[in-house]
Structure formats: C-alpha cells, structure tokens
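See structure below.
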Amino acid sequence: MNKSSWSRRSFCRYLAGGAAALAAPMNLHAGASPAKPWNFVFILVDDLGWSDLGCYGADLHETPYIDRFASQCTRFSDAYAASPVCTPTRASIMTGKHPARLHMTVWREDTLRPPNRNRKLITPQCVSDLPHDEFTIAEAMRTSGRQTAHIGKWHLGGASHYPETQGFDVNIGGTHWGAPNSFFYPYRGDEYYGEYRYVPHLEFGEPGEYLTDRLTDEALNVMEKMKDDPFYLQLAFHTVHSPIEGKPELVEYYQKKRKAGMHHKNATYAAMVHSLDENVGRVLQKIDSLGIADRTVVFLFSDNGGVANEIRGQFVTDNHPLRSGKGSLYEGGVREPLMVRWPGVTRAGAVCREPVCSIDFYPTMLEIAGIPGDADQNRRMDGISFASLLKDPGARLDREALYWHYPHYYPTTTPVSAIRKGDWKLLEYYEDGHLELYNLKDDLSEVNDLVQKNPGKAAALHAQLQNWRSQVNAQLPTPGSP
Ligand SMILES: [Ca+2]
C-alpha cells in the first residue's frame, strides 16, 4: 500500500462520510499537518489517582515510561473527570455531554439494583445503557474515514449497547462489567462480588499471563493491522481498578522498597501501576516502530480518582495532597492525570494549569482532526475544545465554571453536587443541605471551609450550581425513611 498518500479505500470511506465531512478539510487547524489524517490513541486508565504517577509526585510507585512520555507532552495539572466513578466519565468521553444531562451518574451495576430505601436519601434511578441516539466520538471518527477500535473496559451498556453498536469496527474485551474477576489468565471466575465474569476475546493465553500485558498485545496487533490508514483506537485498561492483583515479582520488589512515611503503602497496587507504565511504554514504542508517531495524537487519562477507601480491608492508594478519592467530589475523587502529545503542536514538557474536563475530549478531538462531527450532537454538548491549550498552555478557555453531580452514596460520600469557578469550589451535600466552600489556590487539600467567612461567594456559587442543575435536568435524590 502506498504510504505517502491516503489510500483509495480510505478516500472512498471519507467520501461516504458525506457532504458535511467534505466541507471541512482534514487538519485545517493543525500546526503541523501530516501527509495523512491524524490517528488517535486514547489510553484510559481505570481509577488511577492524581498523584499515582512519578510525574505527579508518587513516592513508592515508579513510572519511568509515563514520566518520559509526560516530558514529550502537554501535561495538565487541573484535568477533571466529569464524575467520581467509572461509567459516567466514560459516557462523557463518548458523547461530550455531562453525565447529569445523560442521567448516567452512577456505575452501571448500580443502575440495575432497586434503590436502597433504608438511607436518609433515595438515590435516582439512572440510565443503564448509553443511548444509541448519541452520535459518539467513535461514530464521528468512523464517519470521517477512520478505522475505530475499542480494547478493554467498556461499562457503557449491555450486549445491545456494546462498542460494536456505538461506532467501533473492533471490540476486544469490552462488556457491561466494570472489572474483571482476575488480572490473571483466564480472567474468569465468580469471586468478584459473587458474579461469574469473563473478558471475551482473550482466549489462548497461558498461565500467569497478566491482563494489562494482554490488552496491550491486542492493541499492538490492532495498530499493526490499521497502520496504513487513519484510525481511532481507545485502549481502556482495567488496571488499576480492583481486584488489586499484581505480578508476584513486582509485588515483592515494592514490598522491599516501601518505607515508613510514604503516602503510598500498597505494594500490590504499586505493582499494578508498574505494569501499567511498562505497557504504556510498549504502546508508545509500537507507535514509533510503525513509523506513525508524527501523525498520531496520544492521550493518557483516568476515569476517576484513586481509591481512598479500603477494599476488602486493604488500603489501596492515597491521592495526597488531594482530599479523599473515588466516589467523592473533593479533588481526590475527580482530579486526574492528563497528558496529550500532538506532534508538531504540543511543546515538550509543557504544563497547563487551565481546568479541563472529560466532557472536553470529544470537541477537542474533532478540532484536532479537522472534522465536523454531527451538528445536532455538537449543539447539545457540554464540553468545549481545549485544542487552544495544546497550542499554547498559557491560554485560557472561555468557560464560566465546571460542575459535578453525584446524587449517590459511596464509602467516601453522601449525595453531593459541586461547582468550580476560577479558584473557588463549592460543594452542596443533599442529606442536610450544607455547603462547603474552598479556595483551591490557597487550599488544594480542601481543609479550610470558607462558607462562614465568605457567605456572599457561597450564595452566588450555590445559585449558579442550582441553575446549572436545572438547565441539564439533573436527577435529584428524594427523602427516604431511615
Ligand atoms: Ca473507574
């Protein structure tokens, strides 16, 4: 196949995208336009905490490959998941919409259970499957002529809503489940919350084979097959979500390295982070060896904060200096590592402090690709493109505030909403209606509640938060009978 120009097959597919696609030349906005349209590799980690990586201040964990990647990227200090749990953030990435607007504010398994009526509040019944009338980022990419592949965790619906039905040509391992039974081959069994689980399409492994390695093997194979034509690949690792299982030799290494006073204390979790790092390195090495690095945009992100509550009596991670973790709307629950490498555009080692959110990836990728997407989907999106920040990390986005809505319980929280505007953050807890106000510039760890000192600011942010909830038709908890 002729590598110097776009293949006839791709061009025909591009034409099939319709007149709207033709109206917008590819890579119109790109700083360095490659010979072919951009490829996208979106690496999504599960439950990775803001400070779990070396380049974000980890102490026990070692992540040399990701740290090196960060030095080639624009790295974000204030990147957020739209939700403190899995499914909603993933829905926001696929649609550019806020989980509150989609009525997908809780992880999928929880949508299938009857509401617990023995708590102070009854939580709303959420949508279980990402609706097909959403024009997903994968559909936008496929319509523009790209091959599309999803590998790993999906968690956005039952079989009738698997990746194949949402714009992906290829699905390897994506199911309705949020976690595997085990990280070791054959990845199946019924220990994980008593339900028989498996990861499909991963047959013919060997004893001792590790899921993070295997999903990467699959991703490398897919890139090998897709390399001659533009593609969109999302590699959604199951790691570092529970079950907390690492390779024995790595666990032993981190057990020996562990010292008193470290924020990170779990050697098995450190081994999981280590395996993640090695596999991100393998993906990047493959992009280099295939000769597509100069036309491949790479994202690395996580869907929610690190687990700060114990799992089965086991300490998992510490998001220090951030407060709390997964499930919570304190920073530890929603602030995430994010790095983006857009060849010829992002500057090596740049750090951007402008807040961005998972609702922004979709419009950002449309802008990078120079493709129009779907007008109706674009009009109903909550996210905005942050491509301008990739060109200039000192730029600002034209956005008033960021919002979160988690009307559910978790070991770290009761039902809550939050708003961040500039350096100010306000949380509203529904059980008793109390507000908390923090200034993140002075108080990143959210320990000094300023509601009493600054009631005017709290009232203004509260009104803005209420107004937003009403605009997106957010579902609210209702009084229970504890
Ligand atoms: Ca997660």
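Within the stretch 167-188, identify whether any single residue is under 19 Å from G246 (Cα atoms) and free of Cβ contacts under 8 Å to residues at least 24 places away in the same chain, and answer yes or no.
Yes, the conditions are met somewhere in the stretch 167-188.
Counting only residues that are within 15 Å of the ligand (Cβ to nearest atom) and outside any loop (DSSP other than H, G, I, E, B), which one in the stretch 323-337 is nearest to H263 (Cα to Cα)?
Going through the qualifying residues, I end up with G332.
Taking the conditions exactly as written (at pLDDT 95 or above and either touching a Leu at 6+ places or on another chain (Cβ under 9 Å) or among the aromatic types (F, W, Y) (or both)), does L250 satisfy them or not?
For L250, the condition - at pLDDT 95 or above and either touching a Leu at 6+ places or on another chain (Cβ under 9 Å) or among the aromatic types (F, W, Y) (or both) - is not met.
Mind listing whichever residues of the stretch 168-202 are at positive phi and either among the hydroxyl-bearing types (S, T, Y) or under 18 Å from the mean Cα position of the chain (by Cα) (or both)?
Within the stretch 168-202, G173, Y187, Y193 meet the criteria.
Does the stretch 198-240 hold any residues that are among the hydrophobic types (A, V, I, L, M, F, W, C) and either outside any helix (DSSP H, G or I) or modelled with pLDDT under 95 (or both), and which are they?
V199, L202, F204, F231, L233, L235, A236, F237, V240
Here are the criteria: (1) crowded, with 21+ Cβ neighbours inside 10 Å; (2) in a loop (DSSP other than H, G, I, E, B). Tell me which single one R117 does not satisfy.
Failing condition for R117: (1).
Scan the stretch 293-320 residue by residue and report those that are closer than 20 Å to I66 by Cβ, assigned to a loop (DSSP other than H, G, I, E, B) and not polar (S, T, N, Q). First the steps, then the outcome.
Step one: of the stretch 293-320, the residues closer than 20 Å to I66 by Cβ are 293, 296-307, 316-320.
Now drop any that are not assigned to a loop (DSSP other than H, G, I, E, B), which leaves 303-307, 316-320.
Result: D303, G305, G306, V307, V316, D318, H320.
Return a yes/no flag: does the stretch 288-309 have any residue that is modelled with pLDDT under 95 and within 27 Å of H408 (Cβ to Cβ).
The answer is yes, given that some residue of the stretch 288-309 is modelled with pLDDT under 95 and within 27 Å of H408 (Cβ to Cβ).
Restrict the check to the stretch 63-73 and report whether at least one residue is within 16 Å of the ligand (Cβ to nearest atom), modelled with pLDDT of 95 or more and hydroxyl-bearing (S, T, Y).
No.
All but one of (1) touching a residue at least 12 places away in the same chain (Cβ under 8 Å); (2) within 23 Å of the chain's Cα centre (by Cα) hold for E164, so report the exception by its number.
With (1) touching a residue at least 12 places away in the same chain (Cβ under 8 Å); (2) within 23 Å of the chain's Cα centre (by Cα) applied to E164, the lone miss is (1).
Mind checking which residues of the stretch 118-161 are under 17 Å from the mean Cα position of the chain (by Cα) and over 19 Å from N378 (Cβ atoms)? Reasoning before the result, please.
Of the stretch 118-161, the ones under 17 Å from the mean Cα position of the chain (by Cα) are 130, 136-138, 149-157.
Those that are under 17 Å from the mean Cα position of the chain (by Cα) and over 19 Å from N378 (Cβ atoms): A149, H150, I151, G152, K153, W154, H155, L156, G157.
So, in the stretch 293-307, how many residues would count as being within 13 Å of the ligand (Cβ to nearest atom) and surrounded by 24 or more Cβ atoms within 10 Å (Cβ to Cβ)?
Matching residues across the stretch 293-307 total 6.
Please count how many residues of the stretch 43-76 are under 18 Å from G305 (Cα atoms), out of contact with any Cys (no Cβ under 7 Å at 6 or more places or on another chain) and not in a loop (DSSP other than H, G, I, E, B).
6
May I ask you to list the residues in the stretch 211-255 that are within 16 Å of the ligand (Cβ to nearest atom) and farther than 23 Å from E191 by Cβ?
Once the filter is applied, which keeps residues that are within 16 Å of the ligand (Cβ to nearest atom) and farther than 23 Å from E191 by Cβ, the stretch 211-255 yields Q234, L235.
The values are calculated or read from the model by the stated rules, or taken from the named source; none is laboratory data. If you're wondering where the values come from, they're calculated on a predicted model, not measured in any experiment. Cβ coordinates were reconstructed from backbone atoms using ideal geometry, including for glycine residues, and neighbour counts include every protein chain displayed.
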